[in-house]
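Just so you know, all these numbers are worked out from the coordinates, no wet-lab data involved. As the structure is a computational prediction, the values presented were derived from the model and not from experiment. Methodologically, a virtual Cβ is constructed for each residue, glycine included, from the backbone with ideal geometry; neighbour enumeration extends over all protein chains shown.
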Amino acid sequence: MEYKFDTHTHSNYSHDGVPPLGAMVKEAVSRGLKYLAVTDHCDKDCVALPGFDWVRQIDLTSRKREMTALKAEYADRIYLADALEYGYAPEANALYLDVQESYPTDYVINSVHIVEGIDVYFREYFDARTKKQAYTAYLEAVRASVDAPYLYDSIGHLGYIARCATYPDKRLIYGDFADLIDDILKAVIQKGKALEVNTASKGTKCDLFHDTTILKRYRQLGGELVTLGSDAHDPSRLCADFEEASAALLQSGFSYAFVYKEHKPHAVALDK
Ligand SMILES: [Zn+2]
Ligand SMILES: [Zn+2]
């Protein structure tokens, strides 16, 4: 199957993104994508918590202007979703409610990047904790993020903790945290949110789709809403590894992935 959509990408409006927004959109159009969500980081967690002043905050005013122009320019070729990735921290809930008021979106991913005040991208988080401690605290943060009071559509990259972990076996194993993971999956279902399958594993093979136990459990519990995102910070990675992730979803009992327009899910068949 040729994939015509991507629900998780970044432009240079993100502090760690490379491509100009227009370049990302152009690449998607030239590949024949029919749907693209550019989900630039909105890191109010870094505003609300101490020690993250170095994280450049997104310029939402400029972005809205450029996004609106691009949406109009490419309207007949692609659905360009004006989207954001919120970095969850309970301390930032009020700030995200303000963003929600001032910046209308099509789609919002709610992601945990900071746990116990530390960005889990950095090894210091793992150096100070056993794997059990590190992953438990992460999963508890994800569980809390499901109850966030602002509008969002999907839970981003469950298992992100494993990407940069320094343990010999980094994998997030369902059986090691079954109760906590069940609690997350049940809350996602009960709230009508989607679970994201994110393909940016950086070669760690720690994504949900390399070990499908969690995906299968989500399906078994009644989970239906899944999104597929590359988390591309560069146009060359658009739809990266979608074949493998899609095969894992099909094998786990999912027939569709979903894209969001004005916060409404639209099914996209995975088998053709
Ligand atoms: Zn993220
Ligand atoms: Zn991202």
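The listed peptides 179-192, 144-157, 98-111, 81-94, ordered by packing as a protection proxy, come out as 81-94, 144-157, 98-111, 179-192 (highest mean of other Cβ atoms within 10 Å first). In this simple spin-label model, placing a label point 7 Å from the Cα along the Cα-to-Cβ direction at both THR204 and ALA128 gives a separation of 1.9 nm. Placing a label point 7 Å from the Cα of ARG65 along the Cα-to-Cβ direction, no residue of the stretch 92-128 has a backbone N closer than 13 Å. List the residues of the stretch 111-150 whose backbone N lies under 16 Å from a point placed 7 Å from the Cα of THR166 along the Cα-to-Cβ direction. Those under the cut-off are 118-135. Centre-to-centre separation between the Cα atoms of the stretch 42-72 and those of the stretch 228-251: 25 Å.
Straight-line reach from LYS131: taking Cα to Cα under 19 Å and skipping same-chain neighbours fewer than 8 places apart, the lysines in range are LYS170, LYS205. Would the stretch 46-124 count as rounded, prolate or oblate if I go by the C-alpha gyration tensor, calling it rounded below 1.5 in a/c and otherwise prolate when a/b exceeds b/c, oblate otherwise? Prolate. What does DSSP give for the stretch 5-269 in terms of the percent of beta bridges that are antiparallel, rounded to the nearest 5? Given both bridge residues lie in the stretch 5-269, the antiparallel proportion sits at roughly 25 percent. A Förster distance of 22 Å, applied to the separation of the beta-carbon atoms of LEU221 and GLN251, puts the FRET efficiency at 0.80.
Between ARG123, ARG171, ARG56, the residue with the greatest mean-square fluctuation in the GNM of the chain (Cα pairs under 10 Å linked by springs) is ARG123. Close amide H contacts of VAL112 (hydrogens built in the peptide plane, cut-off under 5 Å, sequence separation of 5 or more or a different chain): TYR88, GLY156.
Karplus-based coupling profile of the stretch 105-121, in residue order and whole Hz: 10, 8, 7, 9, 9, 9, 10, 9, 10, 10, 10, 6, x, 10, 6, 6, 6, with θ = phi - 60° in 6.51 cos²θ - 1.76 cosθ + 1.60 and x standing for Gly or Pro.
You can think of it this way: the chain between ASP147 and GLU244 has 31.9 nm of extra reach, that is 0.36 nm per residue less the Cα-Cα gap.
Using θ = phi - 60° and the Karplus form 6.51 cos²θ - 1.76 cosθ + 1.60, what ³J(HN,Hα) does each residue of the stretch 124-130 get, whole Hz, x for Gly and Pro? Karplus values, whole Hz, x for Gly and Pro: 4, 4, 7, 4, 8, 9, 6.
Which value, in debye to the nearest 20, describes the size of the charge dipole of the stretch 5-269 about its Cα centre when Lys and Arg Cβ atoms bear +1, Asp and Glu Cβ atoms bear -1, and nothing else is charged? Around 540 debye, computed over the stretch 5-269. Scanning the chain for long hydrophobic helices, with DSSP H runs required to stretch 18 angstrom or more by C-alpha along their axis and to average at least -0.5 on the Kyte-Doolittle scale, returns 131-146. State whether the stretch 69-191 is rounded, prolate or oblate according to the following rule on the C-alpha gyration tensor (a ≥ b ≥ c being the square roots of its eigenvalues): a/c under 1.5 gives rounded; otherwise a/b larger than b/c gives prolate, and the remaining case gives oblate. Prolate, since a/c reaches 1.5 and a/b exceeds b/c. Evaluated at q = 0.08, 0.11 Å⁻¹, the base-10 log of the normalised Debye intensity for the chain, with identical point scatterers placed on the Cα atoms, takes the values -0.29, -0.57.
Once the Cβ-Cβ distance of TRP54 and LYS264 is raised to the sixth power relative to R0 = 30 Å, the FRET efficiency obtained is 0.25. Between HIS15 and ASP271, what FRET efficiency comes out of the Förster formula 1/(1 + (r/R0)^6) with R0 = 41 Å and r the beta carbon distance, rounded to 0.05? Computed FRET efficiency for ASP271 and HIS15: 0.65.
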